[in-house]
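Reviewing the structure listed below.
The values are calculated or read from the model by the stated rules, or taken from the named source; none is laboratory data. If you're wondering where the values come from, they're calculated on a predicted model, not measured in any experiment. Don't worry about glycine lacking a Cβ; one is built from the backbone with ideal geometry, like all the others, and counts go over all protein chains shown.
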Amino acid sequence: MMRSLTLEIALTHLLTKRKQTIVAMLGVTFGISMFLVMISFMTGVNDFTKNLAMEEAPDIRIYNPLEIEKNTIIAKAAPDTTGNLYVVHHQRPKNVVPKLRNAIMLAQSLEAMPEVKGVAPQVATQVFFNNGPIRITGSLLGIDVKRQGELFTLARKMDAGQLIDLLGINDGVILGYGLANKMNVSIGDRLSITTSEGSILMLRVVGIFSYGLADFDNARAYATLATVQKVMQRDPSFITDLHIKMYNNAQAKAMAETISKRFGVHAEDWSTANAPLLAGESIRFAMTGIISFTLLLVAGFGIYNIMNMNIINKLKDIAILKATGFESRQIVGIFLWQSAIIGVLGGTIGLLLGYGFCVALSHTPFPGGSVVRIATMPVNFNPQHYIMGFSFGVITTILAGLFPSLKAAKVDPVQIIRG
C-alpha cells in the first residue's frame, strides 16, 4: 500500500514538472543513442578492418625470413677482445634462398595435427606486370587452387570468373580489381610477367578478384604453383610459404612456438604479423569506451542537477510528508522512483533512436574511394551494446537521483515549516 502511494506521489511530481521531466529524459535518451552510434560504428570499423586482414591471412605462416647479418666477415674470422674496430666496405649479404626444405612432407606432418584445419602451400615472388607500355610492380602468388579454395576466401571474392578456372588453362592468372584496371585488361586478355631475374612468361587472364582493400587489389595476382615455379625457373618442390589455418586461431601463438621448436622452422602467428592492426583496434576501442562513458556520465550529471533542483523546490512538500508520518526511506523511495522512471523511459527511447541512427548510418555510402571498396558504412548491430547502454543509462540515472534523495530524507520538517 505504502509502495503504491510512494509511486503515485513520484508520478505526480513528474507530471507537475513536465518540462524538467522531459529535459531529464532527453539527457538519458541522447546519451544512450549517441553511445550506441559511437560503439556500433567503431566496432563495425574494427570488425571490417580485422576481417579484411584475416580472411586471406593464415593463422600461422611458415617461411624463411630474409635477414642480413650485421657481423662482418673479418670479425667472425678473427674475433678481437682488445676493443679494435673492423671496417669492411661493401660487404655483400649472404644469398638466402626463400625455399622451404621438405615443404611437402612438412605440410603433411602439420595437417596430421588435430589442432590444424589445413595447410596451403604457396610460392611468392615480386614481378613486373607488362601490357604494352604499361609496367606495374606487384606480387605473383602461386597457390594450390583446391586448398586455397577450402581454407581461404579467395573463391568468394571473385568479381569475374572463378578460382577453379586456373586449373582449366595453362599459364592462367587472376588479377586484383585495381591491378586489372591499371593494366586495362579483362578476362581472356594476355599480359607478360617479368621477374627480377629477367624471366618472362605470357599469362592469360581468367579471373578478377576484389578484397576491397587497395594493398591487395592494386598489386596482387594469383596463379597455380606450377605456373609460378615455371616463371621463376624452379623445380616442382620449390615452395616459399606454408599457410596454416587452425580450428581455433586463439591457439595460433602457442602452436607457432611448438612448430618452430619441433621442426626447426620460422613460424609466425597471425597476432604477431598483424600487431599494428591489433594495436590500432585496441586504441579505437578504448577511445570509443571513454567517449561513450563520458556521454552517459554527462547525462547523469544533468539528471543529478535536475533532481537536486526538484528537491529544493519540493522542500515544503517533503516537510509535510514527513510531518504526516512518512519515513526517510519512503522519501528516498519517492525520488528514486522518479529517477527510475526517467531512466527507463529515456533509455527505451534512446535505444529506439540509437537503433534508428545506426540503421541510417548503415545505409550511408562509405567514401572509401580507391583505397577501400565497401558500399556503406560498417555498423555492428551487437545486442550486447544495446543491453550495456540501457543498463548503464538506467543505473547512472538512479545513482544520479540517489544522492539528492538521501539529502531530501534528512530534511527537518519543523525548520522548513517554521522558515
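Looking at 381, 390 in this structure, which one is aromatic (Phe, Trp, Tyr), touching a Cys at 6+ places or on another chain (Cβ under 8 Å), at pLDDT 85 or above and surrounded by 12 or more Cβ atoms within 10 Å (Cβ to Cβ)?
So the residue among 381, 390 that is aromatic (Phe, Trp, Tyr), touching a Cys at 6+ places or on another chain (Cβ under 8 Å), at pLDDT 85 or above and surrounded by 12 or more Cβ atoms within 10 Å (Cβ to Cβ) is 381.
Given the condition within 30 Å of residue 403 (Cα to Cα), without any contact (Cβ under 8 Å) to a residue 60 or more places away in the chain and either in contact with a Phe, Trp or Tyr (Cβ under 7 Å, 6 or more places away or on another chain) or of a type outside the set (Val, Ile, Thr) (or both), answer yes or no: does some residue in region 268-287 qualify? First the steps, then the outcome.
If we filter region 268-287 for residues that are within 30 Å of residue 403 (Cα to Cα), which is where we start, we get 286-287.
Still in the running and without any contact (Cβ under 8 Å) to a residue 60 or more places away in the chain: 286.
Still in the list and also either in contact with a Phe, Trp or Tyr (Cβ under 7 Å, 6 or more places away or on another chain) or of a type outside the set (Val, Ile, Thr) (or both): 286.
Taking every residue of region 268-287 in turn, at least one turns out to be within 30 Å of residue 403 (Cα to Cα), without any contact (Cβ under 8 Å) to a residue 60 or more places away in the chain and either in contact with a Phe, Trp or Tyr (Cβ under 7 Å, 6 or more places away or on another chain) or of a type outside the set (Val, Ile, Thr) (or both).
I'm trying to understand the selection: among the residues of region 101-137, which are in a helix (DSSP H, G or I), surrounded by 12 or more Cβ atoms within 10 Å (Cβ to Cβ) and among the hydrophobic types (A, V, I, L, M, F, W, C)? Outline the logic, then answer.
Step one: list which residues in region 101-137 are in a helix (DSSP H, G or I), which gives 103-111.
Then keep just the ones that are surrounded by 12 or more Cβ atoms within 10 Å (Cβ to Cβ); that gives 103-104, 106-107, 109-111.
Answer for region 101-137, where residues must be in a helix (DSSP H, G or I), surrounded by 12 or more Cβ atoms within 10 Å (Cβ to Cβ) and among the hydrophobic types (A, V, I, L, M, F, W, C): 103, 104, 106, 107, 110.
Does region 158-176 contain any residue that is of a type in the set (Gly, Ala, Ser), surrounded by fewer than 16 Cβ atoms within 10 Å (Cβ to Cβ) and under 23 Å from residue 240 (Cα atoms)?
At the first step, the residues of region 158-176 found to be of a type in the set (Gly, Ala, Ser) are 160-161, 168, 172, 176.
If we keep only those that are surrounded by fewer than 16 Cβ atoms within 10 Å (Cβ to Cβ) as well, we get 168.
Going one step further and asking which of them are under 23 Å from residue 240 (Cα atoms), we end up with none.
Scanning region 158-176, I find no residue that is of a type in the set (Gly, Ala, Ser), surrounded by fewer than 16 Cβ atoms within 10 Å (Cβ to Cβ) and under 23 Å from residue 240 (Cα atoms), so the answer is no.
Can residue 178 be described as at negative phi and either touching a Lys or Arg at 6+ places or on another chain (Cβ under 6 Å) or touching a residue at least 60 places away in the same chain (Cβ under 8 Å) (or both)?
Answer is yes for this residue.
Give just the number: which of (1) among the acidic types (Asp, Glu); (2) part of a helix (DSSP H, G or I); (3) without any contact (Cβ under 8 Å) to a residue 24 or more places away in the chain does residue 150 not satisfy?
(3)
Collect the residues in region 202-219 that are surrounded by fewer than 20 Cβ atoms within 10 Å (Cβ to Cβ) and under 16 Å from residue 127 (Cβ atoms), keeping them in residue-number order.
Result: 202, 204, 218, 219.
Take the conditions within 30 Å of residue 344 (Cβ to Cβ) and at pLDDT 75 or above and apply them to residue 23. Does it pass?
Spelling it out, residue 23 is indeed within 30 Å of residue 344 (Cβ to Cβ) and at pLDDT 75 or above.
Might you let me know whether region 51-62 holds any residue that is modelled with pLDDT of 65 or more and either among the β-branched types (Val, Ile, Thr) or touching a Cys at 6+ places or on another chain (Cβ under 9 Å) (or both)?
Yes: region 51-62 contains one or more residues that are modelled with pLDDT of 65 or more and either among the β-branched types (Val, Ile, Thr) or touching a Cys at 6+ places or on another chain (Cβ under 9 Å) (or both).
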